[in-house]
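Undergrad: What follows is a single structure, and I will ask about it in a moment.
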Amino acid sequence: MTLDRSTPPPRSGPLEARLPRIERRRLDNGLALALSRANSTPETLVELTLPGGRAQESLRELGVASLVAKALLEGTERLTTVEFVDALDFLGAELRAGVDEDSLVVSLRVLDRHLPAALELLSEALLEPRFDPRDFERLRALRLAAIRTRGEDAARVADCAWDRLMFGPHVCAGHSSLGTELTIGACTPEHARAFHRGSLDPRRTRVALVGKWSADEATELLSPLVRRWPSAIAATNPPLDQAPSAAPRGLYAVDRPGAPQVELRIGHPSVDCGHPDWLLLAALNYPLGGQFTSRLNLNLRERRGFTYGVRSSFEPRSGPTVFAVSTAVHTQHAAAAIREARAELEGYLSGPTEAELAFTREALEQALARQFETPAARLSFVHTVERFRWPDDYPLERLRRLATLTSTDLAALAREHLHPRDLRVLAVGPREALGELGEAVVELDIDGGPLVGR
């Protein structure tokens, strides 16, 4: 059957009032401001999203983006690390920096009365970072230590190896954001400064702000940043041409002899977040592995006692996405857990039951009634809308579309987007735990690469 992907006409009701409203404005230097007013708390949240993420790294620069994010919090040209931290503490401000696939994200949280002073510190950290050689060497040493001990955390090993399987070795998404001993060992303050400078294009930067301020007031508060950051500063880190390439379907293992648990990842590549069905995929997944009473959790946790919890998801990201089941099970149950997960995915191709569909509609509607109550939740909403260019009312659009669909419609959606016969199965634990499956096993190293010398 053909699934009707048209969106029903908007409806009015109390849920519409729960959605944060987004006002947009282009500032003088090209910064794109997205504002959501929140009058219930005395604090303001600000987030800047710059074109300095992992997609701007070459394979010779693995880890530099996240290292730059760490270095931004180590002082400014005017303030040492200690002075910078003390200045933030005096204001009660929280400043963070991190990276995702395509962006460097700097966020600030502070009481309204201290916002101008905190914005001044944010501006200095972003536009006039210190990159002191001694501080940078300390960060680099910590990063190298984390790289050398990365094999001690089975969940981290599984996540890294899974990314390698899903995206391939020729793109940054297929490698750990930590980088490698070679790339981090070769990284200097000058290299990090150049990478940072290459991200400073205000015309490709988004500012999200949540607080009591009007658009005019927010524009005025941000004016010192705008003046300090002229539009002439243009990024030189264009996104690299990176085409993900998933490994063939099959069973893969990172051997951890004697480990009491096995980390499992089971799934396959999926569609881009801009796909017409994307908003419905979260609803499709909800009865399968998106909540505590899901089929996967009731089977593997409640009936079988294999795990403390299991989830599945279509994870939003820039570019092609992934559908994945994630869990950790006792080693003796690893093979059985893989069989049960495969069976649940195969069985779900007939779609959710009418009862599961009704529960999903009700649960998503109830969640919408309360999920934007905090400033942090509002900021996350604005970030998501701006990053993926989704409609401002995308949670309502999902509900409107879901209201018109039957379990038969969702079965068609499941057959289109779930591929239980094209699964990559990754197990991080004792290899012999997979023996009873009777399948060929491809062994990997702790980074998800082919194992050599065995």
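Undergrad: Starting from residues that are among the hydrophobic types (A, V, I, L, M, F, W, C) and out of contact with any strand residue (DSSP E or B) (no Cβ under 9 Å at 6 or more places or on another chain), keep the ones in the range 378-399 and report whichever is farthest from LYS212 (Cα to Cα).
TA: If we filter the range 378-399 for residues that are among the hydrophobic types (A, V, I, L, M, F, W, C), which is where we start, we get 379, 381-382, 385, 388, 390, 396, 399.
Applying the additional criterion that residues be out of contact with any strand residue (DSSP E or B) (no Cβ under 9 Å at 6 or more places or on another chain) yields 388, 390, 396, 399.
Working: PHE388: 25, TRP390: 24, LEU396: 24, LEU399: 29 Å.
Ranking the qualifying residues of the range 378-399, first place goes to LEU399.
Undergrad: With (1) touching a strand residue (DSSP E or B) at 6+ places or on another chain (Cβ under 6 Å); (2) free of Cβ contacts under 8 Å to residues at least 24 places away in the same chain; (3) under 28 Å from ALA55 (Cα atoms) as the list, and ASN297 as the residue in question, which single condition is left unmet?
TA: (3)
To keep it simple, each residue is scored yes or no on (1) exposed (fewer than 14 other Cβ atoms within 10 Å of the Cβ); (2) touching a Leu at 6+ places or on another chain (Cβ under 6 Å).
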residue: ARG203; (1), (2): no, no
residue: GLY258; (1), (2): yes, no
residue: GLN261; (1), (2): no, no
residue: ARG265; (1), (2): no, yes
residue: ASP272; (1), (2): yes, no
residue: TRP278; (1), (2): no, no
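Undergrad: Would you pick out the residues in the range 24-73 that are in a loop (DSSP other than H, G, I, E, B), in contact with an Asp or Glu (Cβ under 6 Å, 6 or more places away or on another chain) and surrounded by 24 or more Cβ atoms within 10 Å (Cβ to Cβ)?
TA: GLY53
Undergrad: While we're here: As an exercise: evaluate LEU209 against (1) surrounded by fewer than 22 Cβ atoms within 10 Å (Cβ to Cβ); (2) at pLDDT 95 or above and give the number of the one condition it does not meet.
TA: Just one mismatch for LEU209, condition (1).
Undergrad: In the set CYS273, CYS187, which member is at pLDDT below 95 and in contact with a helix residue (DSSP H, G or I) (Cβ under 6 Å, 6 or more places away or on another chain)? So that I can check it myself, show each step before the final result.
TA: Numbers: CYS187 fails: at pLDDT below 95.
Checking each option against the conditions leaves just CYS273.
Undergrad: For the range 317-353: of the residues being among the acidic types (Asp, Glu) and out of contact with any Pro (no Cβ under 7 Å at 6 or more places or on another chain), which is surrounded by the fewest Cβ atoms within 10 Å (Cβ to Cβ)?
TA: Residues of the range 317-353 among the acidic types (Asp, Glu): 340, 344, 346.
Adding the requirement that they be out of contact with any Pro (no Cβ under 7 Å at 6 or more places or on another chain) leaves 340, 344.
Working: GLU340: 19, GLU344: 21.
Checked the range 317-353; the qualifying residue surrounded by the fewest Cβ atoms within 10 Å (Cβ to Cβ) is GLU340.
Undergrad: Residues PRO169, PRO238, PRO257, PRO189: which one is touching a residue at least 40 places away in the same chain (Cβ under 8 Å) and more than 30 Å from VAL322 (Cα to Cα)?
TA: Of PRO169, PRO238, PRO257, PRO189, the one residue that is touching a residue at least 40 places away in the same chain (Cβ under 8 Å) and more than 30 Å from VAL322 (Cα to Cα) is PRO189.
Undergrad: A further question follows. When you check SER66 against the structure, is it at pLDDT 95 or above, under 24 Å from SER318 (Cβ atoms) and among the polar types (S, T, N, Q), yes or no? So that I can check it myself, show each step before the final result.
TA: Values: at pLDDT 95 or above: yes; under 24 Å from SER318 (Cβ atoms): yes; among the polar types (S, T, N, Q): yes.
It is true that SER66 is at pLDDT 95 or above, under 24 Å from SER318 (Cβ atoms) and among the polar types (S, T, N, Q).
The values are calculated or read from the model by the stated rules, or taken from the named source; none is laboratory data. As the structure is a prediction and not an experimental result, all values here were calculated from the model. Don't worry about glycine lacking a Cβ; one is built from the backbone with ideal geometry, like all the others, and counts go over all protein chains shown.
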